[in-house]
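First comes the structure, then the notes that go with it.
Read-outs: derived from the displayed coordinates by stated rules, not from any lab. Since the structure is predicted, the reported quantities are computational estimates derived from the model, not experimental observations.
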């Protein structure tokens, strides 16, 4: 028993329309040709597929069974064509993506999910790193794409905007600063602060701001990651700086409060870096375009500074 694809596709269309004339018009073929193919299928199967009447066509039990299988066959063929087209266009392969942990936690899961839905034949190897390590990895060809924070750059890399976030100050609900609508860094720095990981983007922002203080910065303890910051704050070992995305989750129990940090540098800008994008493989170019499109949702970042000499 053999089925040709055109007959199967016409059969599905006839089942959906329950009218041969409409299918013939839509497919730009003669109605008699569609009718003959349906009759040929019935003869091959040895059973009727339609109850015919003046009101149109009604599916027989055999037609319902065939329709279920036909949908699966056509769906698999379309998937096969799509994947083979990906191979032909080069949209198949591996992308090495290095990124800061903040972007991995906040943005990349959803952005990568949307990308892989569009390009299922692409595999993404994601690795976490500090911003300076991300830049180095892309520069040395250990990564195809990097997501980093800050305004400096390694010579020879192309930079595109990605996302922005806003820093909040989290603290116990009974902390003296908890009732204020916003906080300057000078106010924050007068209290014990849970410090960020050394060398991180946030660490560079904090140390730069601390240089302008008239009093020493009270870094009581340093931790790696925002979940440990929350744990230390809950233990009342100090207050901490976390992005708004994290702060919204941390204050849900009522034990902690989050107050916006009112400083220009409290809005952190994340960027995409690659080598010469025109020379990159097609999957890498597609992911760069996809991620940079997400940057349109964020406020424009400040300009990138030239490399330090």
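Axis angle, to the nearest 10 degrees, between helix 108-118 and the longest C-alpha principal axis of the chain: 20 degrees.
Comparing the range 175-218 with the 2.2 N^0.38 Å rule of thumb, its C-alpha radius of gyration ratio is 1.19 (two decimals).
Antiparallel as a % of all DSSP beta bridges within the chain, to the nearest 5?
Percent antiparallel among DSSP bridges in the chain is about 60.
Its alpha carbons considered, the range 131-262 gives a radius of gyration followed by a Dmax of 16.2, 50 Å.
In vacuo Debye scattering of the range 189-286, one point per C-alpha: log10 I(q)/I(0) at q = 0.20 Å⁻¹? Debye curve over Cα of the range 189-286, log10 I(q)/I(0) at q = 0.20 Å⁻¹: -1.02. The equivalent ellipsoid of the range 1-124 has semi-axes of 44, 15, 13 Å, largest first, where each one is the square root of 5 times an eigenvalue of the Cα gyration tensor. For Rg and Dmax of the Cα atoms in Å, the listed values are (i) 29.7, 93; (ii) 17.8, 49; (iii) 21.4, 79; which was obtained by calculation from the structure presented? Given (i) 29.7, 93; (ii) 17.8, 49; (iii) 21.4, 79, the structure-derived one carries the label (i). Taking the longest Cα principal axis of the chain as reference, the axis of helix 5-17 is set at about 80 degrees.
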